[in-house]
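**Q** Got a structure for you, questions after.
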């Protein structure tokens with residue numbers, strides 16, 4: 001009886017906080033709403049009996065990624081009324097389209113991306129721990145998604161550095 005109520009609480013807060021994350025104007029308030037999303041997603045993982053993933057969610061996302069996000073906000077030194085539209089938005093749009101096409105190709109043609117190849121025999125998940133099952137799934141079934149996330153994070157870091165680059169005052 002309690003578990004469905006907790007699920008609806010966690011999922012409701014995740015949806016509301018995610019909407020606040022993308023709709024609030026103040027970047028600090030957006031970060032606080034994002035923290036609420038991360039913590040409540042960890043609560044959903046606990047309901048699924050995936051305690052290790054919940055702790056990783058809190059340590060990695062709520063800890064490290066949120067601190068990096070705040071660091072980027074301070075690096076950019078945004079004001080509330082200031083809106084930045086980078087001059088090379090067409091280049092970003094092009095690379096976003098290329099990544100989207102690659103993701104769609106990977107989803108609809110998995111045989112070309114090596115999704116059908118298994119590298120070693122799998123043991124039933126009921127006989128292994130949470131951590132081992134996560135590792136086997138991550139590096140067998142979800143390796144493409146794992147690599148895509150790495151590329152997206154690299155692109156986010158490069159984009160933040162490009163946005164934070166100061167233009168010299170002597171250049172017209």
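Any read-out appearing in this document is the output of simple, stated calculations on the displayed coordinates, not a laboratory observation. Note that the structure is predicted; figures quoted are calculated from it, not measured. Glycine gets a Cβ as well: all are built from the backbone with ideal geometry, and neighbour counts include every protein chain shown.
**Q** Normalising by the residue count of segment 1-84, find the relative contact order in percent from Cα pairs under 8 Å and 6+ residues apart.
**A** That works out to 27 percent.
**Q** I would also like to ask the following. Take residue 73 and residue 3, extend 7 Å from each Cα along the Cα→Cβ direction, and tell me the distance between the two endpoints in nm.
**A** Between residue 73 and residue 3, the label points sit 3.6 nm apart.
**Q** Quick check: residue separation of residue 49 and residue 25 times 0.36 nm, minus the Cα distance between them. What number comes out in nm?
**A** So the extension gain works out to 5.0 nm.
**Q** Mind sorting 129, 137 by how few other Cβ atoms lie within 10 Å of their own Cβ, fewest first?
**A** In order of increasing Cβ crowding within 10 Å: 129, 137.
**Q** Still on this structure: Just the projected area, averaged over all directions, of the convex hull on the alpha carbon atoms of segment 1-84: how many nm²?
**A** With every direction weighted equally, the projected area is 5.6 nm².
**Q** Right, something else. Can you give the Rg to Rh ratio of segment 17-62, both from alpha-carbon atoms, with Rh computed by the Kirkwood formula?
**A** The Rg/Rh ratio comes out at 1.07.
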